[in-house]
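Here's the structure, in structure tokens; my notes come after.
The values are calculated or read from the model by the stated rules, or taken from the named source; none is laboratory data. This one's a predicted model, so the numbers in the text were calculated from it and none came from an experiment. As a convention, Cβ positions derive from the backbone with ideal geometry for all residues, glycine included, and neighbour counts pool all protein chains shown. Please note that ligands, DNA and RNA were not included when accessible areas were found on the heavy atoms of the full protein model with its side chains. Shrake-Rupley method; radii C 1.70, N 1.55, O 1.52, S 1.80 Å.
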Amino acid sequence: MASNRKSETLLTKANRVLVGGVNSPVRAFAAVGGVPPFIAKGKGATLTDADGNHYIDYVGGYGPMILGHAHERVMTAITKAVHKGASFGAPTESEVKLAEAVAEAMPAIEAVRLVSSGTEAVMTALRLARGVTGRAKIVKTVGGYHGHADAMLVSAGSGALTLGVPSSPGVPAGAAADTVLVPYNDLSAAAAAMEQFAGQIAGMIVEPVAGNMGVVLPGEGYLQGLRELCDAHGAMLIFDEVMTGFRLAYGGAQQVYGVRPDITTLGKILGGGMPVGAVGGRRTLMNHLAPVGPVYQAGTLSGNPIAMAAGLATLAELQAEGFYESLEQASAQLAQGLLDAARAAGLADRVCLNRAASMMTLFFTPGPVRDHAAATAADPAAFATYFHAMLDAGVYLPPSQYEAFFLSAAHTQDDIHRTIDAAQHAMGLVAKTT
């Protein structure tokens, strides 16, 4: 096992000044135990920690690093932008160019409002839907994650269809009371919600491919059914494409599945690793936002020129001929290798792998995993054993059974073969110990 002495020292220091030693909860390794490696640098598909250990990275910054770390074109764009100034609080040409790129890429987007995070994008989308419709209630799926805004930090009460209750202290009951929860991939439940609260639903927000209960794909006709339900009830269909935007295809999940939402939220890849988010939709709808319309939204760092430069450089690379085809081939190869490793260890009937393009999750449950209930039936102890065996072998996965892991264009054939070799050993340990 590689030394992690410096990471242990840094964690001790971090615990004195950072809450839980981290700035985002999943980084704390609470779900798997142990000491998280403190990352010193990244290049391509490789991370190097403070102790000098190297890892093949499948966290990918939780999605944005589709080109890999420190990509030359992106770093050059960031460096040029930094030398021109970090922030102006005024319009810039680069934000116009990025908005144009988004509108050209996403089928459902004509106009854009740039923000600084996915959470902020969702907050704006919900406010816009409510402002346009004059209604208060929002439908979301159980297990769907849309940032940490109060109205989205909810859990279901008793029954399959309920109004939300706060899932975190500090969230007022009133903030959750207008959120209606339904299971993912359950069109009949969504229809029941629309009927039960007829005339009260401002919109339904959904990850077109769920990524925060692990990767869960939409069933056949599910997204189209949501589109039809929202149309029938005068509600806004909101696609949270913070994770899937520019990941499944250049035009996102809406391109892949042929369903146009009313409102789209974006982030992650859009900023090339820099903090960014976006809300987009039809021009007539987006014009309800200030300063054109009465729905207020503002942000000091929105359209930050450094983030714009990183985003533009990233999107330019994604448009190279064969980019997504190559990434798909590598992703399919890795997925098959992981399943073969499970089969060789006698675990074929204990795992389920869900994949959408270059994002995937290996669940330690027989599956199929089509919703939150099935995802949470997975074995966390088996995953923790697998995770640490992979980490010890130099493969860095998200430290939670319920996260997606990501391939990048920087992953080489050698990276994939080494990962599959590590998985064979890790699966053997799982078979022996759980």
Output ³J(HN,Hα) for the range 189-198: one whole-Hz value per residue in order, computed from phi by the Karplus curve 6.51 cos²θ - 1.76 cosθ + 1.60 with θ = phi - 60°, and x for Gly and Pro. 5, 5, 5, 5, 4, 4, 6, 4, 10, 4
With the other protein chains left in place, how much accessible area per residue, in square angstrom, belongs to the chain at a 1.4 angstrom probe? 41 Å²
Which cross-chain or sequence-distant (5 or more) residues have an amide H under 5 Å from the amide H of Val115, H modelled 1.01 Å from N in plane? Gly277, Ala278, Val279, Gly303
In debye, nearest 20: dipole of the chain around its Cα centre with unit charges on the Cβ of K, R (+) and D, E (-)? 900 debye
From the cross-link list Lys13/Lys432; Lys43/Lys432; Lys43/Lys84; Lys6/Lys84; Lys80/Lys268, which pairs have alpha carbons spaced over 30 Å apart? Lys13/Lys432; Lys43/Lys432; Lys6/Lys84
Total charge of the residues flanking His288 in space, meaning their Cβ is under 12 Å from its Cβ, with Lys and Arg +1 and Asp and Glu -1, is +4
Under the rule of -39500 (n - 2.57) per DSSP H run of 4 or more residues, summed and divided by the residues of the chain, what mean residue ellipticity at 222 nm is obtained, to the nearest 500 deg cm²/dmol? -11500 deg cm²/dmol
Just how far, in whole angstrom, is the range 12-54 from the range 343-403 if you go by their alpha carbon centroids? 21 Å
Taking amide hydrogens as modeled 1.01 Å from N in the peptide plane, which residues meet the under 5 Å criterion relative to Val395, leaving out close sequence neighbours? Ile56
Taking θ = phi - 60°, what integer Hz values does the Karplus form 6.51 cos²θ - 1.76 cosθ + 1.60 yield along the range 422-434, in sequence order, with x for Gly and Pro? 5, 5, 4, 5, 4, 5, x, 5, 4, 4, 7, 10, 10
In the chain, carbon and sulfur make up what percent of the accessible area (probe 1.4 Å)? 55 percent
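Using only the Cα atoms of the range 260-385, what semi-axes does the equivalent ellipsoid have when each is the square root of 5 times a gyration tensor eigenvalue? Give whole Å, largest first. Don't skip to the answer; put the middle values down first.
On the way: eigenvalues 299, 81, 38 Å².
They are 39, 20, 14 Å, listed largest first.
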Please list, ordered by chain and number, the residues whose modelled amide H lies under 5 Å from the amide H of Glu110; skip anything fewer than 5 residues away on the same chain. Gly281, Arg282, Arg283
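Give me the number: length gained by fully extending Ser87 to Thr300, i.e. 0.36 nm times residue separation minus the C-alpha to C-alpha distance, one decimal in nm. Don't jump to the answer; show the numbers that get you there.
On the way: separation 213, 0.36 × 213 = 76.68 nm, distance 0.89 nm.
Gain on extension, Ser87 to Thr300, equals 75.8 nm.
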Zone of Ala431's modelled label, taken as backbone nitrogen in the range 315-354 under 18 Å from a point 7 Å along Cα→Cβ: 336-353
Residue-wise, which Karplus ³J(HN,Hα) couplings in Hz belong to the range 49-62, taking 6.51 cos²θ - 1.76 cosθ + 1.60, θ = phi - 60°, and x for glycine or proline? 8, 5, 8, x, 6, 10, 9, 6, 9, 10, 7, x, x, 6
